[in-house]
Each structure stands twice: as structure tokens, then as C-alpha cells.
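The values are calculated or read from the model by the stated rules, or taken from the named source; none is laboratory data. Please read all numbers here as calculations on a predicted model, not as lab measurements. Neighbour counts run over all protein chains shown; Cβ positions are idealised from the backbone, glycine included.
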Amino acid sequence: MKTSNAFNQLTYRYLPYWTLFLLLVVACCLAARYYIRFITPLYESTATILIKDETQESADVKMMEALNMLPFKKNVENELQIIQSRTIMRRVIEQLGLYAEIFEEGEVQPVPAYTSSPISIKAKYPERLAEYHNIPFRFDSAKNIVIIGNADYPIDTWTQTKYGELMFIKNIHLVSAATKPLFFSITHPANVTKALLANLNVFPVNRNSSVVVLKFKDHVPKKGEDILNALCKEYYQTSINSKNAQTSSTMTFVEDRIKYVEDDLDSLEKKIEHYKAEKGITDLSAQGQYFLENVGTNDKKMAEIKIQLAVLDEVEKYVDSKKDKAGIVPSTLGISDPLLNQLLQKLYDAEISYDKLSKITAPNNPSLLAIKSEQEKIRPSILEVIGNLRTSLTTSLQNINKSRDQYASLLSTIPQKEKDLLDFSRQQAIKSSVYTFLLQKREETALSNSTTVADSEIIDAAESSMIPNSPNKSIIYLMALGMGVLLGIGIITIREMLNAKILFRHEIESYTSAPVIAELTQAKTQTPLAVDDPKQVFISEQFRQLRTSLGLYGEHRYNRKMLVSSSISGEGKSFVSSNLAVSIALSGKKIVLLDLDLRKRRTSEIFNLPNENGVIEFLENSKNPEEIIQKTAYKNLFVIPAGISENPASDLLLNGNLAALIKFLENKFDYILLDGPPIDPVADTCILGEFCDITLFVVRHGVTPKSMIQLLDTNTKIKSFKNLSIIFNGIKPRGFMIGKGYGFGYGYGFENVYKNYRYKVRRA
């Protein structure tokens with residue numbers, strides 16, 4: 001019910017101004033049409049790629065793990081940031097030459113000539129470009145030259161211009177030749193990057209999917225498709241380059257080790273050859289061979305442990321030196337500890353993520369700081385594992401060394417020559433096994449490098465929408481409609497808020513506690529006595545309601561003496577008192593109306609008695625009551641005019657004769673109605689108030705100041721009046737183009753309509 005009341009209040013408040021709303025809505029829709037007509041439309045291009053997530057076990061990953069290589073794993077969230085990075089977009093801009101955009105003159109604004117220009121422009125050093133705008137040019141297809149001002153430039157040749165070192169080439173995207181003049185603008189790639197990234201949107205299909213959708217908005221559909229396709233290719237190539245760089249680093253490490261072992265092995269073989277030639281050794285005894293085999297086995301184990309310790313030194317050096325910079329993790333050749341490999345993998349992933357993310361975010365980014373914190377936690381764990389492994393290997397080395405010494409002591413019985421020769425042979429076997437191991441790892445790394453594929457795959461190439469994505473006509477027209485309505489509401493609301501006069505009944509009720517006992521619409525007649533006008537039946541009914549609200553009927557008939565006043569002149573005080581007196585007389589009650597507004601004397605004029613003796617003459621003791629009571633055209637209505645004397649009224653009211661007059665009238669009439677002067681400019685009304693049972697305070701719509709109503713509860717003069725009640729007078733229909741009948745909505749949101757002598761009330 002409250003919602004319905006609120007709706008009806010809004011309806012009655014704004015519906016009368018429907019013509020204003022109509023004009024504003026039409027104006028806004030015309031503006032929207034103009035906007036749609038002349039704005040360059042935006043088309044949306046869409047592409048889809050697949051990013052192989054780290055949770056997926058592809059065949060390539062399994063093969064690399066089998067080769068003891070560090071797997072290349074991806075995180076979808078990080079890859080989204082990489083796709084939208086300035087670095088990749090900058091490469092796309094330089095590849096497509098988007099820093100030098102060509103336009104064709106349009107009806108209102110330039111139109112991109114990506115598919116209509118006969119040429120496109122490339123810069124040799126894009127980073128050095130200064131910005132220039134609206135540079136007109138012509139292309140002479142017969143001579144294959146570009147004309148800028150008075151200078152001619154050949155195509156397909158680097159040429160020094162005042163705009164930079166440029167090359168003009170034929171446009172491979174040409175679809176239809178331009179028919180209007182062309183011009184180009186040079187923009188620094190950094191600014192172009194910002195603009196293009198603002199139109200790029202990259203997001204996964206859903207939360208658990210590694211399929212990524214790329215959307216790009218541009219005025220030219222073909223240009224949007226080319227940008228997305230180039231972006232996907234650049235991202236694909238970046239992934240390939242990253243993987244190749246790591247495998248190449250591993251290959252370099254293995255090659256260096258092979259070269260070092262080859263040199264040692266070659267040197268050892270020459271020593272054996274020289275020793276045999278010098279000592280003349282040809283064979284070894286079976287016992288010596290047995291001991292030597294055991295010694296050789298122990299030496300081999302010692303060599304493997306030393307290699308592992310060397311590898312641990314390399315890994316420890318890597319962990320201590322790299323800090324938060326991304327680098328290539330040394331190969332963990334010969335070390336099969338799964339915990340170390342797992343921690344190295346985590347450190348590598350964190351460094352790669354930190355390196356990529358630091359290129360596209362600020363140093364204090366929470367994600368970047370989180371990755372850095374993770375690195376700082378991983379490094380101590382790696383160093384602890386390395387320390388434990390080194391301790392274990394050192395202990396094993398000591399044990400093997402003791403065993404080796406035991407066998408060496410047994411070999412002391414073998415001739416020195418044979419011992420030296422076997423020692424050479426043992427070293428040769430160790431070097432050979434290490435050499436074979438390194439050759440195997442080199443082949444595995446080469447195989448990994450040759451089978452490297454990107455961790456992304458283009459599912460759908462870029463494709464543009466057939467219709468513009470923007471502007472959306474439906475939304476724009478809907479916004480224009482809403483804007484027109486809001487402007488209308490704003491204009492009406494501000495206009496009424498800035499009005500210092502009383503417009504609404506609720507304003508009266510908010511400013512004072514005095515009750516509003518009647519609402520009187522503005523009479524559409526020149527006759528002051530509207531209640532007796534057959535055309536003003538609605539006014540007559542309103543005065544009947546006022547008559548009832550005053551409680552003038554019943555056994556006791558309270559409020560027999562009534563004073564009508566107002567705050568200022570012109571509020572319809574005399575109109576209300578005259579018509580109320582007529583209405584009471586028509587009901588069969590005998591009433592006398594006194595014109596006590598001794599300065600303006602409007603009531604006397606309404607009853608055509610301006611030159612008759614009246615109140616002033618009685619107060620001067622020159623006339624008795626019977627001589628000043630005037631009959632009217634109405635049987636039960638009598639009027640006492642103001643009089644014709646010019647003596648000061650306030651002084652006469654204080655001589656005590658007015659009280660005698662009122663007492664005389666009480667015995668002759670059922671009701672006494674006093675039309676007093678306004679309260680604000682004169683003090684006469686305060687004198688009259690003590691003689692009356694009720695004071696009717698007239699407030700006129702659009703005339704009475706709000707400040708006067710606010711004083712009703714605080715002004716001591718007004719508070720002295722008995723039973724102060726308010727009559728809201730002269731209410732005008734709101735809005736424009738009001739039809740027949742009367743309508744107003746200034747009270748609680750109800751409308752009264754009276755036609756053809758019938759009275760109807762419609763309530764919300």
C-alpha cells in the first residue's frame with residue numbers, strides 16, 4: 001500500500017508536466033541519434049588459445065622428466081599477465097606499424113584507412129619517433145611515390161624525412177581504395193601500447209579452464225583481427241624462445257664438461273703410452289689384477305662422489321649468487337635426490353614467475369612480493385639439503401678412501417712398475433666412464449631441444465563481429481530516454497525547491513502544527529462570490545466542506561465568532577470570508593460579516609458597500625448598530641462595511657466600542673464572521689483575536705512566503721489567536737496543457753475532479 005501511495009504521489013507530482021518530459025525525451029533522443037550517426041563504430045574481434053597448465057601431464061613433460069630435465073610448467077594466471085604485457089604488445093605494434101596510422105577524411109571526424117590506404121608506413125627506429133598529427137599526403141601510383149607537401153618519397157626505400165627515417169610500402173591490407181583525402185599521424189609506440197591494451201580483454205573461459213579468450217575492440221574489423229593474430233603469434237614465439245634458452249644453457253654446460261674430460265683423457269692416454277714405452281711393460285699378474293680391480297672400483301666410486309660434490313658446489317653457487325634474478329639451473333648430473341630436484345624446480349618456477357611479473361607490475365605489487373618471499377623460503381631449504389648431501393658424500397668418500405688404502409697396501413708387494421701402470425689404467429677407465437656419461441646427457445639434451453614445442457596452442461584465430469559492438473543503439477536510446485526523464489524531474493524539483501513560496505500542503509504541515517482544514521482551488525471566474533456561480537460548483541462544494549470542518553452545526557454550535565486573516569495582503573482573505581459567509585447563509589443560518597480591514601476595505605467593495613456607514617462610524621459613536629448593518633442579496637447574510645471615515649483605525653479599535661458591537665451581534669445572529677487585516681504589516685488583527693472563538697489563517701498557493709508559515713508556532717502575536725486553523729487557498733493546477741475540470745495534487749497525493757454537477761474523489 002505504501003508503494004502504491006508513493007507511486008501515486010510521484011505520478012501526481014510530475015505527470016502534469018508531461019509535455020516538458022516529452023520535449024526533453026525527444027531532444028535527448030535526437031541528440032542520441034546524432035551521436036550514433038556520427039560516432040565511428042567499434043567492432044569486437046575474438047580469438048581463443050589453449051595454455052598447457054602445470055596440472056596437465058602432457059607427453060612432452062613426461063619425456064623430459066624421464067631425461068632428468070627440469071620440466072617447463074605454466075601458471076594460467078601468470079600467462080594472462082604475460083599476454084597483456086607491454087613487451088609483447090610493443091612487438092605487435094612494431095610488426096604492424098601501428099605507430100603510423102593513416103586516416104581518411106570523414107563527414108564529421110576522420111575514418112581509419114587501414115584497409116583503404118594504398119600505402120602503409122614503417123619506421124626504422126620506432127623508439128626515436130616524435131609525435132606528429134594530421135599530416136596530409138598523396139600517393140602517385142604511376143610513379144610509385146608518396147607526396148608530402150612539396151617533397152616526393154619513393155616506396156620500399158628507407159628515406160630520411162622530417163618525421164624520422166621512414167619507409168613507405170604498399171598496403172597489403174588494401175580492400176577498397178580511399179575516395180577522400182588521406183593523412184597520417186605519428187604516435188610514440190609507448191602511447192599506442194597504452195591505447196591498445198585499454199581495448200584488450202584477456203580472460204579464461206571459466207575458473208578451472210586453461211582455455212583463454214582474447215577480445216579486442218577497434219574501429220576496423222580487419223585491424224582488430226590482425227592485432228589479435230599477431231599477439232597470439234608473439235606469445236607463442238616468446239614461449240618457444242624461453243624454452244630454447246634453457247635447453248641451450250644446459251647444452252653449453254654439458255659441452256664444457258665434455259671438452260674438459262676429453263683433455264684429461266687424452267693427456268692420460270699419452271702418459272700410459274710413454275710409461276709403457278719407457279718401462280717396457282706388457283702384462284700384469286692375476287693377483288695384482290684382482291687387487292687393482294678392487295682399487296679401481298673404489299676409485300671409481302670416489303670419482304663419482306667427487307663429481308657429485310662438484311655438482312653440489314655449482315648448485316650452491318647458483319643459489320647463493322642469483323638472488324631473485326631468473327637464471328638457468330645447473331644440471332644435477334649424478335645426483336638422484338628427489339627432494340633437491342623438487343626444491344630446485346620450485347626455485348626455478350618462482351624465479352621465472354618473478355622475472356615475468358616484474359616486467360609488467362610495480363615493485364611493490366603484492367603478487368610480486370609474495371613470489372619473492374617464496375624464493376627466500378626455498379633457498380635455505382636447498383642449502384640445507386646440499387649440506388646434508390655433502391656430509392653424506394664426504395663420509396662415504398672417507399670410507400671408500402680407507403678401503404682403497406687397504407688395497408693399496410696389498411699392492412705394495414707388486415712391482416712399482418706394474419703398480420704405476422695399473423694406476424694409469426684405472427684413471428683411464430674412470431675418465432672414459434665419465435666421458436661416456438656426458439656424451440649420453442648431451443644427446444638427451446639435444447633430443448629435448450629438437451622436440452621443443454610451445455606451451456600454448458591457438459584454438460581459434462581472430463574473427464570480428466559482423467555488426468558493431470559499440471555504439472549499442474538500444475542502450476543509447478534507453479539512456480537518452482532515462483536522461484530526458486531525469487532532466488525533467490531535476491528541472492521541476494529544483495524549480496520547486498528554489499521557490500520561496502508555499503506550493504504544497506505538506507510544506508505547511510512540516511512548518512507548523514496548526515491544522516489545514518480546507519483546500520480551495522483557484523476560481524476561474526471574475527465574480528468574487530464564486531459559491532453562487534453555477535459554473536463554479538466545485539468551489540461551492542469546497543466551501544461546504546470548509547463549513548462542515550468548522551463544526552458549525554449541531555446542538556452546541558461552537559465557533560460562532562470567526563476571524564479570517566492572513567500573513568500578507570493578496571492571499572484571498574476577503575474572498576474566503578465573503579464566500580464562506582454566503583455558503584453559511586445559503587445553509588439557512590443567519591450570519592453577519594464585518595469588514596474590519598479598515599485600510600483596504602475589500603469586503604465592502606465585494607458587496608458594493610464602499611460608501612456606506614459602517615464599523616468606523618460606530619466606533620466613533622456617530623451611528624448605532626442598527627444603522628450600520630446592511631442587507632445583501634442573500635436572505636440570511638448581512639454585512640457591516642468598513643465605513644467611509646478616514647480616522648486612524650487602530651486607535652478606534654481600542655476605545656471599547658468594538659466589544660459592545662460584538663455583544664450586540666451575538667444576540668441577533670447565529671454566526672459572526674470578521675474579515676480582519678493581514679497579521680504581518682499591521683497590529684489590528686491582534687486586537688480582533690480576543691473577540692473570536694476561532695481564527696482562520698489563509699495561506700495562498702504560490703503567494704504566501706514559507707518564512708511566514710515557519711513563524712506560526714513561534715511568533716507571540718500569532719500564538720495568541722484562539723483555535724488557529726489554516727485554509728490553503730488559490731491552488732492552481734500543476735503542469736502544462738491541463739484539460740477541462742480541476743486537478744491538484746498539493747495535499748497527500750489525492751486529486752479532486754468535479755464536472756457536470758457531480759463530485760468524484762479518487763484516492764491512491
(message) Checking the conditions here, which among Ser209, Ser267, Ser249 is in contact (Cβ under 8 Å) with a residue 12 or more places away in the chain and farther than 18 Å from Ser464 by Cα?
(response) Ser249
(request) Scan segment 190-247 for residues that are hydroxyl-bearing (Ser, Thr, Tyr) and either assigned to a helix (DSSP H, G or I) or outside the structural domain of Ser116 (by TED's automatic domain parsing) (or both) and jot them down. (result) Thr193, Tyr235, Tyr236, Thr238, Ser239, Ser242, Thr247
(request) Could you pull out every one of the helices (runs of 4 or more DSSP H) wholly within segment 476-595 that has 1 or more residues that are under 22 Å from Phe607 (Cβ atoms), in the same structural domain as Lys663 (by TED's automatic domain parsing) and not aliphatic (A, V, I, L, M)? (result) 537-549, 573-586
(request) Sort through Arg601, Arg560 and tell me the only one that's among the basic types (Lys, Arg) and on the phi < 0 side of the Ramachandran plot. (result) Arg560
(request) Scan (1) modelled with pLDDT of 75 or more; (2) in contact with a Lys or Arg (Cβ under 9 Å, 6 or more places away or on another chain); (3) in a loop (DSSP other than H, G, I, E, B) for the single condition Pro468 breaks and write down its number. (result) (2)
(request) Could you give me the residue pairs with C-beta distances under 6 Å whose first residue belongs to segment 133-158 and is of a type in the set (D, E, K, R), whose second residue is not in a loop (DSSP other than H, G, I, E, B) wherever it lies, and which are 6+ apart or on separate chains? (result) Arg138/Ile147; Asp152/Ile145; Asp156/Ile169
(request) Could you look through segment 596-614, keep only residues that are of a type in the set (A, V, I, L, M, F, W, C) and part of a loop (DSSP other than H, G, I, E, B), and pick out the one that is farthest from Glu646 (Cα to Cα)? (result) Phe607
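Conditions (1) within 54 Å of the chain's Cα centre (by Cα); (2) over 21 Å from Glu444 (Cα atoms); (3) among the aliphatic types (A, V, I, L, M); (4) modelled with pLDDT of 75 or more, marked per residue:
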{"residue": "Phe253", "(1), (2), (3), (4)": "yes, no, no, yes"}
{"residue": "Ser267", "(1), (2), (3), (4)": "no, yes, no, yes"}
{"residue": "Ile272", "(1), (2), (3), (4)": "no, yes, yes, no"}
{"residue": "Ala286", "(1), (2), (3), (4)": "no, yes, yes, no"}
{"residue": "Asp324", "(1), (2), (3), (4)": "yes, yes, no, no"}
(request) With a cut-off of at least 3 residues that are at pLDDT below 85 and assigned by TED's automatic domain parsing to the domain that holds Lys561, name the helices (runs of 4 or more DSSP H) lying wholly within segment 615-699. (result) 649-653, 684-689
(request) Determine if segment 730-745 includes at least one residue that is part of a loop (DSSP other than H, G, I, E, B), buried (at least 22 other Cβ atoms within 10 Å of the Cβ) and modelled with pLDDT of 50 or more. (result) no
(request) State yes or no: is Leu529 more than 51 Å from the chain's Cα centre (by Cα) and not acidic (Asp, Glu)? (result) yes
(request) Enumerate the helices (runs of 4 or more DSSP H) found wholly within segment 1-71, keeping only those where 3 or more residues are modelled with pLDDT of 60 or more and surrounded by 13 or more Cβ atoms within 10 Å (Cβ to Cβ). (result) 2-14, 18-38
(message) Being assigned to a helix (DSSP H, G or I), at pLDDT 75 or above and buried (at least 18 other Cβ atoms within 10 Å of the Cβ) narrows it down to one residue among Lys431, Lys419; which is it?
(response) Lys431
(request) Tell me, please, whether a residue that is surrounded by 15 or more Cβ atoms within 10 Å (Cβ to Cβ), closer than 20 Å to Gly572 by Cα and in contact with an Asp or Glu (Cβ under 7 Å, 6 or more places away or on another chain) can be found in segment 497-506. (result) yes
(message) Can you find a residue that is polar (S, T, N, Q), more than 48 Å from the chain's Cα centre (by Cα) and at pLDDT 80 or above anywhere in segment 491-513?
(response) no
(message) Looking at Lys180 and the list (1) outside any loop (DSSP other than H, G, I, E, B); (2) of a type in the set (D, E, K, R); (3) farther than 19 Å from Leu42 by Cβ, which single condition is not satisfied?
(response) (1)
